[in-house]
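Heads up: the structure comes next, in structure tokens.
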Amino acid sequence: MNVELHRFTRPCACGHEHKITVKGVWIEPGAVSRLGKLLRDYKHPVIVCDANTKKAALESMKDYFAALEVLEVTGSDIHANDSYVEKVQKCLDGEADVLVAVGSGTIHDLTRYVAYTRGLNFISVPTAASVDGFVSTVAAMTWHGMKKTLTAVAPMYVLADTDIFAKAPFRLTASGISDLMGKYTSLLDWKISHIVTGEYYCETVSRLEFEAVREVESVLDQIRDGNPACMEKLMYALILSGLAMQMIGNSRPASGAEHHVSHLWEMEIINDYIDALHGEKVSVGLILCLEYYEKIRKAIEKGTCKVVDGRAYETELLQETFGAKGKYQDALEENDPNLMEGLDLADLESKLPLIAQELAALPESGRMRRLLADAGCVTRMEDLGMSADKKDLTLRLCPYVRRRLTLLRLAKNFSFPGSLY
Ligand SMILES: [Zn+2]
Ligand SMILES: [Zn+2]
């Protein structure tokens, strides 16, 4: 399938002209056979991979691996962080004029960042349908211990070869399913922020993503069985989510409170290192957020949700947590200026019914947990080696990892029986 990108760049009802920098996306068996033609005008292409992703792609790409220079990132626990970026920068041939990322999320983030710093184009060959970031213009990085979204470059082309990604270990695919299901709360957070603050929102982009998520949701059984056509639907939805970020110009449509949970745990502020995939953490984050959002909705509907003033930073809490890891100043800097500074509490109160209305469209948390569990995804903190008694602290702290308004952040102004505040 050749994804028809021109569909997304037509003049939009939101008034913006959405831009997509990626020039072509193919999701099909044998997609990598197109690589030769795409590399024709380059003198020195370099494949960036790691041992696992090389193994995954080798059969389909053996001629390319034999003919091109290969930069195999080595290490026992490869991450998109400052030290691995340095490693890739050191190993990358100065003559390289185009990069080919053969891998999943981490290899893509390393490649897109290094490509950006060197002013190079890159081509994406995803080896698993494990994340939605393949076509992202930004790299999700841990930079000196803080989660950062760094400016990078999107791939020029994506060659998603079903012969490669449909054979990925199921754990990676399950992670992709979870990353995708996380869009329920990311899109909700975006809409709520639009309702409360007037933040720019595009109904078309939101609907596109929503439909792709629903489509995947309807074939989860077949994805679990490894049905290639359904795996392609998952890959399409993940790539679409990345395209949505390009169209909006940031990760707003693809990352909300559920991702903030994941980022908080990755920063190891209140926990030790968690050996889990991105989507696995998002999966649990999604369930935690859905459960809390459900409580908010019920309280609003019952009339027991009171608006209180929770706009100020929880300085003491931040000092005790981020501060204990030497990250208090970093946390303040990330959050400056305070997102809720200008928030009108009376206005927020008047919008509670609208918020409840949006929340009513979310999938029920118990149903989502079953759906994900049946699909082979992680759903509980314990599955990640996280103690469940860190749940409340996670929900209170995670809105501070990124300066982006979510309902979870706004809910610091909500008090109801069973609320965190
Ligand atoms: Zn639009
Ligand atoms: Zn994600």
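So in the chain, what percent of DSSP beta bridges are antiparallel if you round to the nearest 5?
30 percent
With +1 on the Cβ of every Lys and Arg and -1 on the Cβ of every Asp and Glu, and nothing else charged, how large is the dipole of region 290-402 about its Cα centre, in debye rounded to the nearest 20?
In debye, rounded to 20, region 290-402 gives about 520.
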Along the dipole axis of the chain (charges at Cβ: +1 for Lys and Arg, -1 for Asp and Glu; origin at the Cα centre), the most positive-end residue among G198, A140, A13 is A13
Restricted to region 5-168, the DSSP antiparallel beta bridge percent, nearest 5, is 20 percent
Measuring from the longest principal axis of the C-alpha atoms of the chain, the long axis of helix 257-267 (C-alpha) lies at a number of degrees, nearest 10, equal to 70 degrees
Restricting to lysines and to Cα separations under 25 Å from K90, and discarding same-chain partners fewer than 8 apart, the set is K43, K54, K55, K147, K148
Total charge of the residues flanking V138 in space, meaning their Cβ is under 11 Å from its Cβ, with Lys and Arg +1 and Asp and Glu -1, is +1
In degrees rounded to 10, the 0-90 angle between helix 203-217 Cα long axis and the longest Cα principal axis of the chain is 70 degrees
The distance between the Cα centres of region 1-57 and region 156-227, in whole Å, is 18 Å
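Provide Rg over Rh for region 84-191; use the alpha carbon set for both Rg and the Kirkwood Rh (inverse mean inverse pair distance).
Over the Cα atoms of region 84-191, Rg/Rh equals 0.99.
Using a probe of 1.4 angstrom, how much of the accessible area of the chain is carbon and sulfur, in percent?
Reported share for carbon and sulfur atoms: 48 percent.
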For the chain, averaging the sequence separation of alpha carbon pairs under 8 Å that lie six or more residues apart and dividing by its residue count, the contact order in percent is 16 percent
What helix-only [θ] at 222 nm does the chain give? Using -39500 (n - 2.57) per DSSP H run of at least 4, over all residues, to the nearest 500, the answer is -14500 deg cm²/dmol
Taking every C-alpha to C-alpha distance in the chain and binning by 20 Å from 0, the per-bin percentages run 27, 58, 15, 0
Across the alpha-carbon set of region 5-168, Rg over Rh with Rh taken as the Kirkwood radius works out to 0.96
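The values are calculated or read from the model by the stated rules, or taken from the named source; none is laboratory data. Remember, it's a predicted structure, so these values are computed and weren't measured experimentally. Note that we place each Cβ from the backbone using ideal geometry, even for glycine, and neighbour counts take in every protein chain shown. Side chains are part of the model used for accessible areas, which takes the heavy atoms of the whole protein and leaves out ligands, DNA and RNA. Shrake-Rupley method; radii C 1.70, N 1.55, O 1.52, S 1.80 Å.
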